[in-house]
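Q: Can you keep this structure in mind? I'll have questions shortly.
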Amino acid sequence: MSKVIEKTMGEICSIAKRNGSLTMEDINKMSGEFPVYAASVGVAIGYINSYLNDKPAIIVPTAGNGTAGKPYVVTDPFYTIGANAVGFVPEENIDVHYVFFQLKNILSSLVKGESFKNINQGMIKKIKIVIPIKEDKSFDLEEQQRLSGIYFEIERQRQYLSNKVYEIQELLVHIDKEEGIKYEDVPLNSLVIHENGNASYTKTWCQKHKGEYPIYSANNIEPINFVDSFDYDGEYLTYSKNGCAGYITIIGNRFSVNGDRCVMRINEEYVGKVNILYLKYYLEPIFRKNKKGRLGAFGKNEFTKLNSSMIKSLNILVPIPLATDGSYDLDKQREIAERYKQIDEIKKGLIDKIVQLTSINVVPDICS
């Protein structure tokens, strides 16, 4: 194992030149071939006709919702750094990718998800990096590059597993009709009353009406706030209109939803005749299939939409199992729903395991 030395980012890197006043209007006016990098991780925000830097650098966004403190490497021969980012250019015999992986691991322990908004150049300059050295105490570039290769492979495997999360999420199993069972195809528009959430439930409104009852938005799990009133009392099928649209969540007790969520209320005629979990598992694959919009890389940053008007226009027919006397067979619905619930729980278990694995920072042992 190599001997190592600890150095701060300020000791092993110079600060890249930047133009913090460069606006998108300026970039459009100066259209050219040289990229401009800023807070958008790894993606040039535009191309201009001049440049400020000509050496590889580690760029760290210093502000931005979800990007602050998430470094990336730029290896373009010529480029400029714009606002809300700072660049670090490693000195001779310091591998840019080695420092990047070290810095990324350190920053990931400091950055607290979406709630982390700002980081500054001074903070980054003080961060200490462990660097392999030779017997004569000079920097061991060859060992850094060897370790960089290991880091790249770890990241490749991490990304592979992350991709599997989306694939598992989208394994939406369809409920098919079983042989030997009679069904009645009931129009969804007759089974439920489609209700849009209340768009007046904004963050400002919630702050003025704090209480104990949850309000749900596009997030399929957590409420966005707790207020002093509620619109629903019971158990309801709900789904997000925006973001990851079409996933169905059953919400119970007293709650409200804002304009980014829809509720399906069981029509009085069918109350006690249909199982709400059976409806969820039958409808969710159809909803997801008919969402509109686009997906980010590997299913991340999904920007899709699905609203009640779109659902109504599909004229979905829901097959309800019938008992021998011709009534709706609740027991059969529960049996079928339970099978799909078990599949769902297996999927969630796999996803949880993958998330645990990919959240581990694996750093090769380089200490002597």
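Q: Leu188 is checked against (1) at pLDDT below 95; (2) within 27 Å of Arg334 (Cα to Cα) and fails just one. What number does that condition carry?
A: (1)
Q: A further question on this structure: Tell me which residues, restricted to segment 198-222, are part of a strand (DSSP E or B) and not basic (Lys, Arg). Walk me through it before giving the result.
A: Step one: list which residues in segment 198-222 are part of a strand (DSSP E or B), which gives 198, 210-216.
If the condition is that a residue be part of a strand (DSSP E or B) and not basic (Lys, Arg), then Asn198, Gly211, Glu212, Tyr213, Pro214, Ile215, Tyr216 are the ones that fit.
Q: Let me ask something else about it. Within segment 231-281, can you find the residues that are in contact (Cβ under 8 Å) with a residue 24 or more places away in the chain and of a type in the set (S, T, N, Q)?
A: Thr238, Ser240, Asn242, Thr249, Ser256, Asn258, Asn267, Asn275
Q: Same structure again: Where in segment 1-53 are the strands (runs of 3 or more DSSP E), entirely inside, with at least 1 residues that are within 29 Å of the chain's Cα centre (by Cα)? Break it down stepwise before answering.
A: On the way: elements: 3-8, 13-15, 31-37, 46-48.
Hits in segment 1-53: 31-37, 46-48.
Q: Within segment 265-275, can one find any residue that is in a helix (DSSP H, G or I), out of contact with any helix residue (DSSP H, G or I) (no Cβ under 7 Å at 6 or more places or on another chain), modelled with pLDDT under 95 and not hydroxyl-bearing (Ser, Thr, Tyr)? Give the derivation first.
A: Filtering segment 265-275 down to residues in a helix (DSSP H, G or I) leaves 268-270.
Narrowing the set further to residues that are out of contact with any helix residue (DSSP H, G or I) (no Cβ under 7 Å at 6 or more places or on another chain) leaves 268-269.
Filter once more, keeping what is modelled with pLDDT under 95: 268-269.
From the residues that got through so far, the ones that are not hydroxyl-bearing (Ser, Thr, Tyr) too are 268-269.
Within segment 265-275, one or more residues are in a helix (DSSP H, G or I), out of contact with any helix residue (DSSP H, G or I) (no Cβ under 7 Å at 6 or more places or on another chain), modelled with pLDDT under 95 and not hydroxyl-bearing (Ser, Thr, Tyr).
Q: Residue check: is Gly66 modelled with pLDDT under 90, within 21 Å of Val36 (Cβ to Cβ), within 28 Å of the chain's Cα centre (by Cα) and not β-branched (Val, Ile, Thr)?
A: On the way: modelled with pLDDT under 90: yes; within 21 Å of Val36 (Cβ to Cβ): yes; within 28 Å of the chain's Cα centre (by Cα): yes; not β-branched (Val, Ile, Thr): yes.
For Gly66, the condition - modelled with pLDDT under 90, within 21 Å of Val36 (Cβ to Cβ), within 28 Å of the chain's Cα centre (by Cα) and not β-branched (Val, Ile, Thr) - is met.
Q: Determine whether segment 137-144 contains at least one residue that is in contact with a Phe, Trp or Tyr (Cβ under 8 Å, 6 or more places away or on another chain), under 28 Å from Gln356 (Cα atoms) and outside the structural domain of Pro321 (by TED's automatic domain parsing).
A: Of the residues in segment 137-144, the ones in contact with a Phe, Trp or Tyr (Cβ under 8 Å, 6 or more places away or on another chain) are 144.
Pick out the ones that are also under 28 Å from Gln356 (Cα atoms) and you get 144.
Subset that is outside the structural domain of Pro321 (by TED's automatic domain parsing): 144.
Yes - at least one qualifying residue is present in segment 137-144.
Q: Does at least one position in segment 167-182 carry a residue that is touching a Ser or Thr at 6+ places or on another chain (Cβ under 7 Å) and either in the same structural domain as Gln333 (by TED's automatic domain parsing) or over 26 Å from Ile320 (Cβ atoms) (or both)?
A: Initial filter on segment 167-182 (touching a Ser or Thr at 6+ places or on another chain (Cβ under 7 Å)): none.
No, segment 167-182 has no match at all.
Q: State whether one or more residues within segment 229-238 are acidic (Asp, Glu), in the same structural domain as Asp331 (by TED's automatic domain parsing) and within 21 Å of Leu314 (Cβ to Cβ).
A: Taking segment 229-238 and keeping what is acidic (Asp, Glu), we get 231, 233, 235.
Then keep just the ones that are in the same structural domain as Asp331 (by TED's automatic domain parsing); that gives 231, 233, 235.
After this cut, where a residue has to be within 21 Å of Leu314 (Cβ to Cβ) as well, the list is none.
There is no residue in segment 229-238 that is acidic (Asp, Glu), in the same structural domain as Asp331 (by TED's automatic domain parsing) and within 21 Å of Leu314 (Cβ to Cβ).
Q: Do we have Pro56 as under 20 Å from Phe101 (Cα atoms) and either of a type in the set (Ser, Thr, Tyr) or assigned by TED's automatic domain parsing to the domain that holds Glu91 (or both) here?
A: Criteria met by Pro56.
Q: Quick one: is Arg334 part of a strand (DSSP E or B) and either assigned by TED's automatic domain parsing to the domain that holds Tyr213 or not aliphatic (A, V, I, L, M) (or both)? Reasoning before the result, please.
A: Numbers: part of a strand (DSSP E or B): no; either assigned by TED's automatic domain parsing to the domain that holds Tyr213 or not aliphatic (A, V, I, L, M) (or both): yes.
When the stated conditions are applied, Arg334 does not pass them.
Q: Kindly indicate whether any position in segment 4-16 is over 16 Å from Val99 (Cα atoms) and buried (at least 18 other Cβ atoms within 10 Å of the Cβ).
A: no
Q: If you don't mind, another one. Filter segment 186-228 down to the residues that are in contact with a strand residue (DSSP E or B) (Cβ under 7 Å, 6 or more places away or on another chain) and either among the small types (Gly, Ala, Ser) or not assigned by TED's automatic domain parsing to the domain that holds Met264 (or both) and list them by number.
A: Within segment 186-228, the subset in contact with a strand residue (DSSP E or B) (Cβ under 7 Å, 6 or more places away or on another chain) is 186-188, 191-199, 201, 206, 209-218, 220, 223-228.
Gly197, Ala199, Gly211, Ser217, Ala218, listed by residue number.
Q: Here's something else I'd like to know. One residue is enough: does segment 190-201 have a residue meeting the conditions more than 21 Å from Tyr281 (Cα to Cα) and loosely packed, with under 13 Cβ neighbours inside 10 Å?
A: Yes, segment 190-201 contains at least one residue that is more than 21 Å from Tyr281 (Cα to Cα) and loosely packed, with under 13 Cβ neighbours inside 10 Å.
The values are calculated or read from the model by the stated rules, or taken from the named source; none is laboratory data. Every value quoted in this text rests on a predicted model; they were computed, and no experiment measured them. Quick reminder, even Gly has a Cβ in these numbers, built from the backbone with ideal geometry, and neighbours come from all protein chains shown.
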